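The values are calculated or read from the model by the stated rules, or taken from the named source; none is laboratory data. Computed from a predicted model, the values in this text were never measured in an experiment. As a convention, Cβ positions derive from the backbone with ideal geometry for all residues, glycine included, and neighbour counts pool all protein chains shown.
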């Protein structure tokens with residue numbers, strides 16, 4: 001991708017960083033941040049709007065820009081089931097799980113399991129396993145995806161991009177706790193929705209509307225595929241590209257797996273993961289907690305239009321690059337012989353948006369990335385402090401726990 005950002009784009013990105021840091025520092029100096037409840041649960045004072053926005057922003061990370069859009073470009077709309085399935089689980093979180101968590105008075109999921117089933121070892125085991133998963137999978141995937149996107153758009157060194165991302169997130173996550181994370185998540189959700197909506201609307205206008213989009217996607221293949229009878233059969237989009245419920249045996253996303261297997265996985269992700277539950281526990285009361293989950297569920301509907309459709313449109317506009325069918329060609333286009341579907345979203349941003357708006361979309365990506373990272377760091381720091389440190393320092397003061405919470409976030413950032 002040879003396109004470069006221009007002056008207006010960099011100004012937009014600079015304004016974004018200024019807004020985020022301002023909101024983060026403002027929330028840092030608000031009252032009730034000098035106790036464990038204030039730092040780790042935002043004083044239990046959050047209203048439904050920031051709670052729902054933070055749940056949404058914590059889930060929509062950089063891998064969604066890369067992975068979800070790329071999957072849609074490759075195989076169609078079936079990946080929307082992951083997003084829409086979450087709607088029902090978020091409702092279950094608000095009406096079934098959160099009332100139990102709040103009644104228990106717990107701060108973390110390991111603490112709840114200890115209260116419910118007894119046994120300190122269970123609490124320690126779940127804390128350690130969750131922290132390992134956060135470091136090895138979530139944090140690394142978020143940082144790599146976001147840094148890769150920044151590298152392609154800005155032309156900077158990959159490690160420099162990683163350093164900038166971590167430095168900005170560290171400032172307000174360490175100082176402000178969950179309140180700073182939730183407030184900045186709210187701002188970043190607004191930026192994310194505005195930027196992504198602009199790309200969706202612009203792309204749909206250029207493509208000619210929904211009917212043209214459907215017709216053109218079914219023929220979206222590289223010229224190399226169209227001219228080669230051998231590759232023609234496998235180079236075109238799938239016949240079931242516009243079907244969500246796919247064959248249970250011969251499809252890439254069988255409906256049996258998305259209904260039964262995904263439900264079990266989704267209950268863990270949406271109803272028992274510290275990352276999501278902690279936002280609900282920060283609500284000022286049960287009503288705001290439930291309303292927050294409903295708001296987050298409503299926002300999940302938008303991902304179909306903001307990420308999935310743009311990924312498919314990108315294949316229509318740039319089939320020779322996105323749908324390259326030859327390993328040599330793919331290597332030249334994106335440096336990956338296996339295929340270039342993962343560059344669908346950034347390529348659409350670079351080539352279809354005017355100056356200034358490309359910077360807004362990069363800001364939207366950074367918003368998604370930083371929201372996920374700050375949420376992970378804060379949740380992991382909460383478990384390190386309250387589930388592990390508090391176990392070995394039973395008489396630790398509030399001040400000591402606050403220091404440990406901040407230091408644990410710094411350690412996770414360093415890792």
Matching residues in the stretch 339-371 (under 15 Å from residue 148 (Cβ atoms) and either touching a residue at least 60 places away in the same chain (Cβ under 8 Å) or surrounded by fewer than 24 Cβ atoms within 10 Å (Cβ to Cβ) (or both)) number 14
Result of the Cβ filter at 8 Å on the stretch 381-393, keeping first residues that are over 18 Å from residue 132 (Cβ atoms) and partners that are in a helix (DSSP H, G or I), at least 6 apart or interchain, is 390/401; 393/400
### Query
Can you spot a residue in the stretch 90-106 that is within 21 Å of residue 192 (Cβ to Cβ) and in contact with a helix residue (DSSP H, G or I) (Cβ under 9 Å, 6 or more places away or on another chain)?
yes
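To keep it simple, each residue is scored yes or no on (1) at pLDDT below 75; (2) buried (at least 20 other Cβ atoms within 10 Å of the Cβ); (3) more than 27 Å from residue 349 (Cα to Cα).
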| residue | (1), (2), (3) |
| --- | --- |
| 28 | yes, no, yes |
| 48 | no, yes, yes |
| 55 | no, yes, no |
| 62 | yes, yes, no |
Those residues of the stretch 281-321 which are touching a strand residue (DSSP E or B) at 6+ places or on another chain (Cβ under 7 Å), crowded, with 21+ Cβ neighbours inside 10 Å and not in a helix (DSSP H, G or I) amount to 282, 283
Checked the stretch 54-99 for anything farther than 19 Å from residue 264 by Cα, over 13 Å from the mean Cα position of the chain (by Cα) and part of a helix (DSSP H, G or I); matches are 70, 71, 72, 73, 74, 75, 77, 99
Scanning the stretch 322-333 for residues that are assigned to a helix (DSSP H, G or I), in contact with a helix residue (DSSP H, G or I) (Cβ under 6 Å, 6 or more places away or on another chain) and touching a residue at least 24 places away in the same chain (Cβ under 8 Å) gives 322
Residue hits (the stretch 397-412; more than 21 Å from residue 376 (Cβ to Cβ) and out of contact with any helix residue (DSSP H, G or I) (no Cβ under 7 Å at 6 or more places or on another chain)) are 397, 399, 400
Confirm whether residue 96 is more than 24 Å from residue 289 (Cα to Cα), loosely packed, with under 14 Cβ neighbours inside 10 Å and either in contact (Cβ under 8 Å) with a residue 60 or more places away in the chain or in contact with a strand residue (DSSP E or B) (Cβ under 8 Å, 6 or more places away or on another chain) (or both). no
